[in-house]
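For reference, the structure is listed below as structure tokens.
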């Protein structure tokens with residue numbers, strides 16, 4: 001009996017060791033490569049993000065693409081990767097993504113190029129990326145004396161693909177950790193009135209104003225990356241707010257992400273790569289709809305610009321998170337990267353929406369025909385409405401039109417990254433986070449072509465960002481993205 005007790009005691013003591021070995025077999029050693037590259041256009045250049053054509057002749061800040069190439073290598077010889085690229089652009093066109101992947105694939109043998117995803121910070125003072133019938137916003141761009149769209153796209157593809165290759169080839173062993181903090185950056189920008197209507201940037205100093213339509217998310221999710229010696233080499237910052245403080249200017253500007261990067265580089269080192277990720281924020285803005293004078297006074301007393309004020313808040317949150325988690329580094333982690341193409345139902349165009357859009361299209365077309373110079377002001381409105389007319393005619397012959405969209409779900413240790421291409425309303429992001437089994441869930445929007453994805457509530461309220469012209473996919477498609485994203489996340493953490 002003593003012998004048996006001794007045997008079982010020894011076996012019991014071995015259990016933690018056996019479990020540790022199992023964990024190690026399922027955890028991979030991580031390799032990290034980072035770099036940044038300039039994607040600032042030559043001047044003059046046409047800017048995207050507003051209805052009117054804006055020709056920038058001034059560069060107020062550079063535009064950059066910031067890259068982290070991440071690989072996990074298991075003892076079994078298996079590996080997986082994620083190449084994450086954050087760009088100071090309004091959105092990412094399908095053409096640009098495909099060309100970047102193709103160029104990288106030519107020079108990096110064996111890499112699954114579908115593990116590359118590009119996201120935009122959604123600055124409204126960056127170059128036009130498309131100018132043909134495939135995109136509902138078209139601009140009247142002079143054929144001479146201004147950088148053409150195809151010229152910028154070629155420049156962007158070369159810069160970013162070369163930088164990805166550089167980051168991939170430079171990857172070395174390192175460690176990673178994750179943190180959570182908070183900053184008041186995102187404010188709901190849809191005002192609701194007594195008649196049930198909603199207006200983006202609506203006047204709140206109005207007796208009929210009732211409330212803001214949706215919630216706000218002040219989380220700042222962060223990842224920190226170190227090299228083998230413990231030197232900080234990169235970080236990602238996920239803020240659920242578009243970068244559009246200076247959106248109306250006719251100048252090249254990375255908006256608040258530029259002072260964020262500058263301030264953090266001064267604190268942590270000029271060679272630290274910093275990725276800015278926008279979150280679920282189609283109904284958010286970095287400018288509040290009320291208490292504007294009080295905010296302006298505090299910003300003035302701090303002797304800061306508006307973008308610097310937003311950066312100040314973000315940087316405080318990042319530094320607080322860093323100080324809290326800097327000693328919780330992980331060299332071996334569970335890493336899974338899944339990507340899928342979802343088929344979403346195209347939002348149906350009603351007869352009323354069709355007739356209204358056709359009337360608007362014809363009205364602005366007539367103005368341009370009478371005075372061609374007005375094309376700079378009105379062409380985007382023509383094509384914005386013409387796209388709805390086109391969809392209506394298509395759905396008559398095919399009532400079940402679908403829209404293909406790519407998503408990525410990436411488990412890194414205890415946290416998960418999940419992407420979508422849309423101006424995803426905040427409620428969708430909260431649905432994903434609330435149901436996710438991950439410790440922290442980073443919702444990364446703007447990883448593809450730009451189109452709003454409003455909620456049911458927003459569609460009922462109407463207004464820009466929720467009307468039929470603003471997006472190809474409606475609430476039904478939004479919930480499909482939520483459900484499939486949550487399913488993929490929870491499979492990663494429950495299997």
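Quick note: the coordinates plus some simple rules give every number you see, no bench work behind them. Remember, predicted model here, so these are calculated numbers, not experimental data. Ideal geometry is used to build each Cβ from the backbone, glycine not excepted, and the neighbour counts take in all protein chains shown.
Rounded to the nearest 500, the helix-only mean residue ellipticity at 222 nm of the chain stands at -12000 deg cm²/dmol, with each DSSP H run of n ≥ 4 adding -39,500 (n - 2.57).
When a/c reaches 1.5 or more, the comparison of a/b and b/c decides; with that in mind, is the range 331-416 rounded, prolate or oblate per its Cα gyration tensor?
Numbers: a/c = 5.05, a/b = 2.14, b/c = 2.36.
Oblate is the answer for the range 331-416, as a/c is 1.5 or above yet b/c matches or exceeds a/b.
Against the main long axis of the alpha-carbon atoms of the chain, helix 2-26 sits at an angle near 30°. Computed from the C-beta positions of residue 201 and residue 460 and an R0 of 22 Å, the FRET efficiency is 0.70 to the nearest 0.05. How much FRET efficiency would the formula 1/(1 + (r/R0)^6) give for residue 166 and residue 194, where r is the Cβ-Cβ distance and R0 is 60 Å, rounded to 0.05? Approximately 0.60, to the nearest 0.05. Residue-normalised convex hull volume from the C-alpha trace of the range 351-397: 54 Å³ per residue.
For each of 123, 273, count neighbouring Cβ atoms within 10 Å of the residue's Cβ, then give the residues from fewest to most. Intermediate values should be presented prior to the final figure.
Working: 123 30, 273 23.
With the fewest neighbours first, 123, 273 line up as 273, 123.
Put in line by how crowded their Cβ is, counting other Cβ atoms within 10 Å and starting with the fewest, 232, 275 read 232, 275.
Residue separation times 0.36 nm, minus the C-alpha to C-alpha distance between residue 338 and residue 394: what's the value? It would help to have the intermediate numbers written out before the result.
On the way: separation 56, 0.36 × 56 = 20.16 nm, distance 3.26 nm.
Roughly 16.9 nm would be gained on extension.
Expressed per residue, the C-alpha convex hull volume of the range 404-475 stands at 81 Å³.
Run the numbers for residue 150 and residue 296: contour at 0.36 nm per residue of separation, minus the present Cα-Cα distance, in nm. Before the final figure, lay out each step's value.
Values: separation 146, 0.36 × 146 = 52.56 nm, distance 3.99 nm.
Fully extending the segment from residue 150 to residue 296 adds 48.6 nm.
Under 19 Å from a label point set 7 Å out along the Cα-to-Cβ vector of residue 491, the amide N atoms of the range 338-353 belong to 338-344. Maximal additional length on extending the residue 319-residue 266 stretch stands at 17.9 nm, based on 0.36 nm per residue less the C-alpha distance. Residues of the range 453-478 falling in the label zone of residue 248, defined by backbone nitrogen less than 19 Å from a point 7 Å along Cα to beta-carbon, are 464-465. A simple spin-label model places pseudo-atoms 7 Å from Cα toward Cβ; at residue 371 and residue 102 they are separated by 4.3 nm. At 7 Å along Cα-to-Cβ for each site, give me the label-to-label distance between residue 401 and residue 231 in nm. Between residue 401 and residue 231, the simple spin-label model gives 5.3 nm. When both the range 166-233 and the range 348-412 are represented by their alpha-carbon centers, they are found 29 Å apart.
Fewest neighbouring Cβ atoms within 10 Å first, the residues 298, 450 line up as 298, 450. Above 35 Å, the calculated P(r) of the chain contains 34 percent of its Cα-Cα pairs. Seen against the Cα atoms of the chain and their longest principal axis, helix 375-397 is set at about 70 degrees.
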